[in-house]
1. Working only within region 219-267, note down all residues that are touching a strand residue (DSSP E or B) at 6+ places or on another chain (Cβ under 7 Å) and more than 30 Å from residue 173 (Cβ to Cβ).
2. Those residues that are in contact (Cβ under 8 Å) with a residue 60 or more places away in the chain and either part of a helix (DSSP H, G or I) or surrounded by fewer than 17 Cβ atoms within 10 Å (Cβ to Cβ) (or both), I need them from region 1-24; list them, please.
3. Scanning region 288-308 for residues that are assigned to a strand (DSSP E or B) and among the hydrophobic types (A, V, I, L, M, F, W, C), which turns out farthest from residue 11 (Cα to Cα)?
4. When the residues of region 211-235 are narrowed to those that are open to solvent by less than 10 Å² (accessible area, probe 1.4 Å) and over 21 Å from residue 376 (Cβ atoms), which ends up modelled with the highest pLDDT?
5. Say whether the condition of being within 30 Å of residue 335 (Cβ to Cβ), open to solvent by 30 Å² or more (accessible area, probe 1.4 Å) and touching a Gly at 6+ places or on another chain (Cβ under 8 Å) is met by at least one residue in region 191-202.
6. Could you look through region 63-83, keep only residues that are open to solvent by 70 Å² or more (accessible area, probe 1.4 Å) and assigned to a loop (DSSP other than H, G, I, E, B), and pick out the one that is modelled with the lowest pLDDT?
7. Tally the residues that are within 15 Å of the chain's Cα centre (by Cα) and over 14 Å from residue 423 (Cβ atoms), restricting the search to region 262-272.
8. Among the residues that make up region 151-162, is at least one of them over 30 Å from residue 235 (Cβ atoms) and either hydroxyl-bearing (Ser, Thr, Tyr) or open to solvent by less than 50 Å² (accessible area, probe 1.4 Å) (or both)?
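The values are calculated or read from the model by the stated rules, or taken from the named source; none is laboratory data. No experiment lies behind these values; they were computed from the predicted model shown. Here the Cβ positions follow ideal geometry from the backbone for every residue, glycine too, while neighbour counts run over all protein chains shown. Note: areas computed on protein heavy atoms with side chains; ligands, DNA, RNA excluded. Shrake-Rupley method; radii C 1.70, N 1.55, O 1.52, S 1.80 Å.
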Amino acid sequence: MKPLVIGMAGCGTVGSGLLRVLEENRQWIVERTGRAVQVKHVLVRDLSKPRDLPDGASLTDDPAVLTDDPEVDVLVELMGGIEKPRELIRRAIENGKHVVTANKALLAEDGFGLFRLAEEKGVGLYYEASVAGGIPIVQTLKESLAGNRITSLVGILNGTANHILSEMTSAGLDFETALAQAQELGYAEADPTLDIDGHDTAHKLVLLIRLAYGLEYPYAEMPVQGIRGIDRMDIEFAREFGFRIKLLGQVREVDGRLEAGVFPTLVRHTYLIARVGGAYNAIRIEGNAVGPVFLHGQGAGSLPTASSVLADLMAVARATPPHNTGFQRQVPPKASILPPDDAVSAYYVRVMVPDHPGVLRDLAGAMADHGISIAQAIQKGQDKRGVPLVFMTHEAGARAIRDAIEQIRQAGLLTADPVCYRVL
């Protein structure tokens, strides 16, 4: 069969990994699909930088070379950002080309127009590499679990944050030291905001909600709390209670509404997801027919992400009919969202208080005033900020927890800002 001809936009970490795996697995791809994959154009910003390109491939800094060449079957977008990739992808689709992208931010914040256009033009918009690197979660939700009603999904979706928390847990590092180490190892960007503040996880969670439920949970309405400045003290207290702290993206159905968000969360140490270390990702899906399914693998990196890009290319090579969103509707209706204040969870609460008689009584009284039942409590040690008091609560509403903490603050009982995390 005629080779599948691609134009690739971006030749950074993932792009170079894709070129490598295309070369190493050349014969395997032909045996699987019946046709070769040929790179014709590579779009880059700096033409003077040396690149190791396959035979017959050329460098260009003109996007139109990729989108307007009639021989190019597929645009592979690996640039990052939103504005330039959006225009590049739109023009490629308008010219009847399939698109493979790893751009979760674009699809999460502004993907509907592109999905609708792809449907109108009868081409595929593939995005396996946009969530969890090498883990095949997009195809799993679109195809393998398509017959299930998904009741919940919980995931470690950002390797940078997971590496930082893992090092704080296993090596006793403080947050700033663990972040600096992640940057030295190449796991964290010079500006790590998207990763450590939870926004990268939120982008991915929006895409997973679309795939799992066929509904739109707007990114702007997603409650997001990152791990910036997380205290080593809380890592140690969580361990004493038998938990690990993980940054999780979570969604579940509650009485016909979706409860979703991104939070640092205490996870019981016996759970599989608590044992996922380093820069790895993991996703636990609960389906009404299949039950629990657990996927684990490398969530980023050159070759793992290139593996997901290549899987999409091979789907195009097999002439698989496009099935872009996993549902017949390309623009899903907005989800009925459970207000974040109405969410119910057990909580870990740590406050710093003065070493005075009656403080524990007053704290417990504030909790009781808002209907919060305390399951366990620890008072241990003292530092310059005061005495740490830690409560593990039974299930309570988010509004009740917030109001109780505000009552404690107003009573002048705190010597430092309180810490409050959900318990999975």
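1. 221, 251, 252, 253, 257, 258, 259, 260
2. Passing the criteria: 12, 13, 14, 15, 16, 17, 18, 20, 21, 22.
3. Narrowing region 288-308 to residues assigned to a strand (DSSP E or B): 291-298.
Checking the rest, the ones that are also among the hydrophobic types (A, V, I, L, M, F, W, C) come to 293-295.
Numbers: 293: 34, 294: 32, 295: 28 Å.
That would be 293.
4. Result: 227.
5. Yes.
6. The selected residue is 79.
7. Applying the first criterion (within 15 Å of the chain's Cα centre (by Cα)) to region 262-272 yields 262-265.
From what's left, over 14 Å from residue 423 (Cβ atoms): 262.
So the answer is 1.
8. Looking only at region 151-162, we keep the residues that are over 30 Å from residue 235 (Cβ atoms), and these are 151.
From the residues that got through so far, the ones that are either hydroxyl-bearing (Ser, Thr, Tyr) or open to solvent by less than 50 Å² (accessible area, probe 1.4 Å) (or both) too are 151.
Taking every residue of region 151-162 in turn, at least one turns out to be over 30 Å from residue 235 (Cβ atoms) and either hydroxyl-bearing (Ser, Thr, Tyr) or open to solvent by less than 50 Å² (accessible area, probe 1.4 Å) (or both).
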